[in-house]
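A.B. asks: Pasting in a structure now, in structure tokens, and then I'll have a few things to ask.
The values are calculated or read from the model by the stated rules, or taken from the named source; none is laboratory data. Quantities reported herein were computed from a predicted structural model and do not represent experimental measurements. Don't worry about glycine lacking a Cβ; one is built from the backbone with ideal geometry, like all the others, and counts go over all protein chains shown.
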Number of protein chains: 2
Amino acid sequence: MAERKLILVTNDDGLGARGIAALTEAMLPLGEVVVVAPSEAQSGMSQAITVKHPLRVRQAALNGCISYAINGTPTDCVKLAFNQLLVRKPDLLVSGINHGSNSSTSVLYSGTLGAALEGAVNGIPSIGFSLLSYDQRADLEAAQYYAGRIAAAVLKEGLPKYTCLNVNVPEGKPDEIKGARICRQTRGHWQEEFDRRTDPAGREYYWLTGKYFNSEPDAEDTDEWALHNNYVAVVPLHTDLTSFSTLEKIKNWKV
Amino acid sequence: MAERKLILVTNDDGLGARGIAALTEAMLPLGEVVVVAPSEAQSGMSQAITVKHPLRVRQAALNGCISYAINGTPTDCVKLAFNQLLVRKPDLLVSGINHGSNSSTSVLYSGTLGAALEGAVNGIPSIGFSLLSYDQRADLEAAQYYAGRIAAAVLKEGLPKYTCLNVNVPEGKPDEIKGARICRQTRGHWQEEFDRRTDPAGREYYWLTGKYFNSEPDAEDTDEWALHNNYVAVVPLHTDLTSFSTLEKIKNWKV
């Protein structure tokens, strides 16, 4: 009998978030599920690793799966899972379901995708899932449905080495969504609008806020276009940041 | 008379590090320099942003330049500089000089390069500089020399939009190094070796440590090869993580 698939589940909203409970549930029919996730919310942590303080592992429970909570980043969770907590390398890593979009350049700041990229660095097929709503009561049904379908496809077909998928899903029911589109990352950026306040002692402080600007709103092959048109957006990412077109342009620089 | 170039200097080792003093000094002949850097060390912070606590700005002094210390990540520093602290967008962003290599996939975890990628996202020509030594007394002379030369080249030639340079420099004097090579990011990964200890209360904890494995040690077009052969390695990076080859392979998936 073939060994059951081993699936590692993590996230950046922490082990107590609704998104990871929904994702774990969607993975149960596909194999043996182990959860290794941050004990606290780790939004915006990108692919950060913890070097200043030691990491602690606490056994936990989620949907009856072997589960661990870590006082670190999503990437710390993946590293600890691969090196210490799992009996073997998993067949699949899934991260999320994040509460809030990680499309376009948001992927650069996302802890959810940081974990998926860490899986990719280590040669494990990996997927980050995010829901287009920050509402803690948001309807996760479509995200959960597509998580199951896309994870099953990756388990069956595999992914090229050093790549992962960035999946964003509109809120709602599965039949309210037009389907999934394979896309590229939209060009765009966040325009910061720091909220400047004064504390009771009279000292200034800033909260980071901002608005997203899409540099190519009409490009139909992008994830932003897909999401605006009520599709699930699936973007394959890789961990090689080399700009080969720039390399060609600057290769004769004398520095 | 042409306006002087405006250069933003940041890092991830914090405003008190020797590397940022050396980098600031190297920039002074090239334009007006403003320093916005973390107040404390932020190694391994990748492109993380701070959403859990507010940011505070403290005026400081470094080499006679207008300087600010921020209780946040390198990327926070760049965002605050662009949005609140600089009178106009800078002509160049430089980050470093990091104490320790950021070649190959280390770029994914590096706060130094997180800041440079944040500059690139915002369309600012940006460069991250790192020295191949963690020794706090390391000889920064070659790194400082090449920082000046490469920054001057970028100010003169520009960089394609949404790209930055990742520059790693061997330790030593400029004339001990063979020159600079334009390279691609080496394929490789860190093999974690968590250091498992027991605290005085009998509870286990882990320190993250590891060894780097190069998957293509003989590839002469890579940054690792350049550094092993005593060259400065210059890798152009971009912020589009899309794997276009994977996109082609999976575009007909029915999910």
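A.B. asks: So is A:Arg181 touching a helix residue (DSSP H, G or I) at 6+ places or on another chain (Cβ under 9 Å) and either surrounded by fewer than 22 Cβ atoms within 10 Å (Cβ to Cβ) or not basic (Lys, Arg) (or both) or not?
C.D. replies: So A:Arg181 fits the description; yes.
A.B. asks: Turning to a different aspect of this structure: Restricting to the stretch B:22-54, count the residues that are within 14 Å of chain A (Cβ to nearest Cβ), under 30 Å from A:Thr239 (Cα atoms) and crowded, with 20+ Cβ neighbours inside 10 Å.
C.D. replies: Counting residues in the stretch B:22-54 that are within 14 Å of chain A (Cβ to nearest Cβ), under 30 Å from A:Thr239 (Cα atoms) and crowded, with 20+ Cβ neighbours inside 10 Å gives 11.
A.B. asks: Here is a list: A:Ile177, A:Ile150. Which entry is at the interface with chain B (Cβ under 8 Å from one of its Cβ atoms), in contact (Cβ under 8 Å) with a residue 24 or more places away in the chain and of a type outside the set (Asp, Glu)? Before you say what the answer is, go through the steps one by one.
C.D. replies: Values: A:Ile177 fails: at the interface with chain B (Cβ under 8 Å from one of its Cβ atoms).
Result of the check over A:Ile177, A:Ile150: A:Ile150.
A.B. asks: Just checking, which of A:Val94, A:Val87 is away from every other protein chain (no Cβ under 12 Å), surrounded by fewer than 21 Cβ atoms within 10 Å (Cβ to Cβ) and not aromatic (Phe, Trp, Tyr)?
C.D. replies: Among A:Val94, A:Val87, only A:Val87 is away from every other protein chain (no Cβ under 12 Å), surrounded by fewer than 21 Cβ atoms within 10 Å (Cβ to Cβ) and not aromatic (Phe, Trp, Tyr).
A.B. asks: Of everything in the stretch B:107-137, what is small (Gly, Ala, Ser), in a loop (DSSP other than H, G, I, E, B) and away from chain A (no Cβ under 11 Å)? Give them in sequence order. Write out each step before concluding.
C.D. replies: Looking only at the stretch B:107-137, we keep the residues that are small (Gly, Ala, Ser), and these are B:110-111, B:114-116, B:119-120, B:123, B:126, B:128, B:130, B:133.
If we keep only those that are in a loop (DSSP other than H, G, I, E, B) as well, we get B:110, B:123, B:133.
If the condition is that a residue be small (Gly, Ala, Ser), in a loop (DSSP other than H, G, I, E, B) and away from chain A (no Cβ under 11 Å), then B:Ser133 is the only one that fits.
A.B. asks: Does the stretch A:18-35 hold any residues that are more than 14 Å from the chain's Cα centre (by Cα) and of a type in the set (A, V, I, L, M), and which are they?
C.D. replies: Selection gives A:Ala21, A:Ala22, A:Ala26, A:Met27, A:Leu28, A:Leu30, A:Val33, A:Val34, A:Val35.
A.B. asks: Going through A:Asp139, A:Asp195, A:Asp175, A:Asp199 one at a time, which residue ends up being surrounded by 13 or more Cβ atoms within 10 Å (Cβ to Cβ) and either touching a Cys at 6+ places or on another chain (Cβ under 9 Å) or of a type in the set (D, E, K, R) (or both)?
C.D. replies: Values: A:Asp195 fails: surrounded by 13 or more Cβ atoms within 10 Å (Cβ to Cβ); A:Asp175 fails: surrounded by 13 or more Cβ atoms within 10 Å (Cβ to Cβ); A:Asp199 fails: surrounded by 13 or more Cβ atoms within 10 Å (Cβ to Cβ).
Result of the check over A:Asp139, A:Asp195, A:Asp175, A:Asp199: A:Asp139.
A.B. asks: Now a separate question. Filter the stretch A:111-158 down to the residues that are out of contact with any Gly (no Cβ under 7 Å at 6 or more places or on another chain) and acidic (Asp, Glu), then identify the one that is farthest from A:Val94 (Cα to Cα).
C.D. replies: This residue is A:Asp135.
A.B. asks: If I ask for residues that are of a type outside the set (S, T, N, Q) and closer than 30 Å to B:Asp91 by Cβ, which ones from the stretch B:179-202 would you list?
C.D. replies: Filtering the stretch B:179-202 for residues of a type outside the set (S, T, N, Q) gives B:179-184, B:187-190, B:192-197, B:199-202.
If the condition is that a residue be of a type outside the set (S, T, N, Q) and closer than 30 Å to B:Asp91 by Cβ, then B:Gly179, B:Ala180, B:Arg181, B:Ile182, B:Cys183, B:Arg184 are the ones that fit.
A.B. asks: Additional query: Out of B:Thr239, B:Thr198, B:Thr222, which single residue is β-branched (Val, Ile, Thr), more than 9 Å from chain A (Cβ to nearest Cβ) and over 30 Å from A:Arg56 (Cβ atoms)? Let's see the steps before the verdict.
C.D. replies: On the way: B:Thr239 fails: more than 9 Å from chain A (Cβ to nearest Cβ); B:Thr198 fails: over 30 Å from A:Arg56 (Cβ atoms).
After applying the criteria, what remains is B:Thr222.
A.B. asks: Being facing chain A (nearest Cβ under 9 Å) and farther than 16 Å from A:Ser43 by Cα, is that true of even one residue in the stretch B:57-67? Outline the logic, then answer.
C.D. replies: Keep residues of the stretch B:57-67 that are facing chain A (nearest Cβ under 9 Å), which gives B:57.
With the extra rule that they be farther than 16 Å from A:Ser43 by Cα, the set shrinks to B:57.
Scanning the stretch B:57-67 turns up at least one residue that is facing chain A (nearest Cβ under 9 Å) and farther than 16 Å from A:Ser43 by Cα.
A.B. asks: So which of B:Gly119, B:Gly72 is under 29 Å from A:Thr198 (Cβ atoms), at pLDDT 95 or above and of a type outside the set (Asp, Glu)?
C.D. replies: Numbers: B:Gly119 fails: under 29 Å from A:Thr198 (Cβ atoms).
Step by step, each of B:Gly119, B:Gly72 is checked, and only B:Gly72 is under 29 Å from A:Thr198 (Cβ atoms), at pLDDT 95 or above and of a type outside the set (Asp, Glu).
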